[in-house]
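The values are calculated or read from the model by the stated rules, or taken from the named source; none is laboratory data. Everything numeric in this text was worked out from a predicted model, so none of it was measured. Using ideal geometry, Cβ is built from the backbone for each residue, glycine included, and neighbour counts are taken over all protein chains shown. Accessible surface is based on the protein model in full, side chains and every heavy atom, while ligands, DNA and RNA are left aside. Shrake-Rupley method; radii C 1.70, N 1.55, O 1.52, S 1.80 Å.
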Amino acid sequence: MPMKAPKYPFYFIGLSMICLLACVLMGLTGAFQYVFPALFKSLLSFEKIRPMHTLFATSWILLAAIGGIYFYLHQEGLPIKAGRWRPWLHLELFVGCGLTAAGLYIAGIFGGREYMEFVYPLSAPILLGWLLFAFNYFTAVAQWTKPWPVYFWMWATGAVFFIFTFSESFLWLFPYFRNHIVRDITVQWKANSALVGSWNMLIYGTSIYVMNKIKPDSKSVRGTLPFALFFVGLTNLMFGWAHHTYIVPAAPWVRHVSYLISMTEWLLLARVIFTWKKSLLPETKLLHLMTYKLLYSANVWVFINLAIALLISIPAINYYTHGTQITVAHAMGTTIGINTPLLLASLFLILGQKLKTTQLALSKWGFLIFHSSLGLFFLGLLLAGLIRSRWMNSATGEMFQEMHQASLPGFLMTLLSGLGITTGLVLMLWPLWREVIVRIKR
């Protein structure tokens, strides 16, 4: 019999929703500044908007994944018995570090590292929070007496490797790395890419758990296909970073093998979702409609992003696309098109079972607006990227301002579609937010 969950998973989930909306609002502000450069320049200039957008996007992914894992552990009869204060301390550390980083960004104080732009002393409490999460997780699953399902392995791997790679990303503090540019860049990109692989493990494990709760099947959690995804994901986490380091001297075969591993992971994820989708009865789809629709949409975006990734990973093409909005389109397609629907599917499984008809209708409209807008957003970034690529590689002497003016149609498309993405997310999140408040007040 599922146990009544404590309140802290819902605090993680509620804060993750706030971070998701803050992320898209920061993105919207940046899009407005591309079209109207003077907008908010004195308070929130673009160099402040960009790291805040990254901060909130990362926080959305991690808080939603961790909140879901804490909830599912209790549902499986694996509570955190002794030391119940630890999840609360974990939450407080994350919130405190996030607010501090955001405040420092607004004040114009940065750490100077790409994607890790907060000042380095904040890394200590963040690392402590992850150590607490890993300790909480392993003490909970130690109560499990049967062989581990694949999602337990994925969650464990994500937690352990996040701690390792997060620590690795601060090796630049040692002169051996900081004073050697190639060594520094290699470690930085390796760590950043492996961090993404680590939270992908948390997301993939959550998605498989969600699919198995909707349609229980031992093959979906202990079969060859899910464990193939786990092992390829683990390999990609450890070695898949190499195809990002085009500017670092390395043998071409290293990048090619790394790239092949990354693409195989996406294909296996698509196969897992597609196999599960085929096995569902119509009445099961209707019972978990929003979760089903979100998982299916993530599958569609896997193939869209796979096509873009195939192209921009070809060195001859990457030469023209690197540093343009085409790379941004690839990153946004992954974060907004794949990771976000997978995590929203988890939130709808946790919170959406008692939604009223009107609330479900609101969520359906939000889903439609969100994905329609995301397609236009993606196309707008590709258009702006093509114009910038032509400018970067032409010898006509065209001024930057002229290129920027030519890119305005693409920027306007991303701005308008960004408003649509925000509207769609608000419509989907509002019923879930109300349910979070209900769960916290109980």
Query - Residue satisfying all of: in the range 279-296; modelled with pLDDT of 90 or more and open to solvent by less than 30 Å² (accessible area, probe 1.4 Å); farthest from Leu360 (Cα to Cα) among these - result: Leu295
Query - Test result for Thr321, at pLDDT below 85, under 19 Å from Val196 (Cα atoms) and out of contact with any strand residue (DSSP E or B) (no Cβ under 9 Å at 6 or more places or on another chain) - result: no
Requested in this report: State all residues of the range 384-403 that are without any contact (Cβ under 8 Å) to a residue 40 or more places away in the chain and in a helix (DSSP H, G or I); if no residue qualifies, say none.
Outcome: Ile387, Arg390, Trp391, Phe400, Gln401, Glu402, Met403
Query raised in the report: Quick one: would you say Leu429 is more than 27 Å from Leu342 (Cβ to Cβ), in contact (Cβ under 8 Å) with a residue 24 or more places away in the chain and of a type outside the set (D, E, K, R)?
Result: no
Query raised in the report: Considering the range 1-48 alone, what residues qualify as being open to solvent by 50 Å² or more (accessible area, probe 1.4 Å), under 30 Å from Arg442 (Cα atoms) and among the hydroxyl-bearing types (Ser, Thr, Tyr)?
Result: Tyr11
Requested in this report: Looking for whichever is of a type in the set (Gly, Ala, Ser), part of a helix (DSSP H, G or I) and touching a residue at least 60 places away in the same chain (Cβ under 8 Å) here; the options are Ala156, Ala140. Which one fits?
Outcome: Ala140
Report task. Give me a count of the residues in the range 361-384 that are aromatic (Phe, Trp, Tyr) and more than 14 Å from Gln325 (Cβ to Cβ). Result -> 3
Requested in this report: Go through the range 178-196 and give me each residue that's open to solvent by 40 Å² or more (accessible area, probe 1.4 Å) and over 28 Å from Leu349 (Cα atoms).
Outcome: Arg178, Asn179, His180, Ile181, Val182, Arg183, Ile185, Trp189
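So, in the range 257-284, how many residues would count as being among the acidic types (Asp, Glu) and free of Cβ contacts under 8 Å to residues at least 24 places away in the same chain?
Going residue by residue through the range 257-284, those that are among the acidic types (Asp, Glu) are 265, 283.
Restricting the remaining residues to those that are free of Cβ contacts under 8 Å to residues at least 24 places away in the same chain gives 283.
So the count comes out to 1.
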Query - Residues satisfying the stated conditions in the range 57-92, i.e. open to solvent by 40 Å² or more (accessible area, probe 1.4 Å) and hydrophobic (A, V, I, L, M, F, W, C) - result: Ala82, Trp85, Trp88, Leu89
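Residues checked against (1) in contact with a helix residue (DSSP H, G or I) (Cβ under 8 Å, 6 or more places away or on another chain); (2) part of a helix (DSSP H, G or I); (3) closer than 16 Å to Ile350 by Cβ; (4) not basic (Lys, Arg):
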site: Ala5; (1), (2), (3), (4): yes, no, yes, yes
site: Gly14; (1), (2), (3), (4): yes, yes, yes, yes
site: Leu25; (1), (2), (3), (4): yes, yes, no, yes
site: Pro37; (1), (2), (3), (4): no, no, no, yes
site: Lys48; (1), (2), (3), (4): yes, yes, no, no
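Here is a yes/no grid of residues against (1) assigned to a helix (DSSP H, G or I); (2) aliphatic (A, V, I, L, M); (3) touching a residue at least 24 places away in the same chain (Cβ under 8 Å):
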position: Leu286; (1), (2), (3): yes, yes, no
position: Ser297; (1), (2), (3): yes, no, yes
position: Ala307; (1), (2), (3): yes, yes, no
position: Leu311; (1), (2), (3): yes, yes, no
position: Asn318; (1), (2), (3): yes, no, yes
position: Thr335; (1), (2), (3): yes, no, yes
position: Ile338; (1), (2), (3): yes, yes, yes
Query raised in the report: Restricting to the range 367-377, what's the tally of residues that are farther than 30 Å from Ile69 by Cβ and open to solvent by 60 Å² or more (accessible area, probe 1.4 Å)?
Result: 2
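Being within 16 Å of Phe230 (Cβ to Cβ) and open to solvent by 20 Å² or more (accessible area, probe 1.4 Å) narrows it down to one residue among Trp199, Trp155, Trp172; which is it?
Testing whether each residue is within 16 Å of Phe230 (Cβ to Cβ) and open to solvent by 20 Å² or more (accessible area, probe 1.4 Å) leaves just Trp199.
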Query raised in the report: Which residues, taken from the range 345-366, are closer than 28 Å to Lys7 by Cα, open to solvent by 30 Å² or more (accessible area, probe 1.4 Å) and assigned to a helix (DSSP H, G or I)?
Result: Thr357, Thr358, Gln359, Leu360, Ala361, Leu362, Lys364
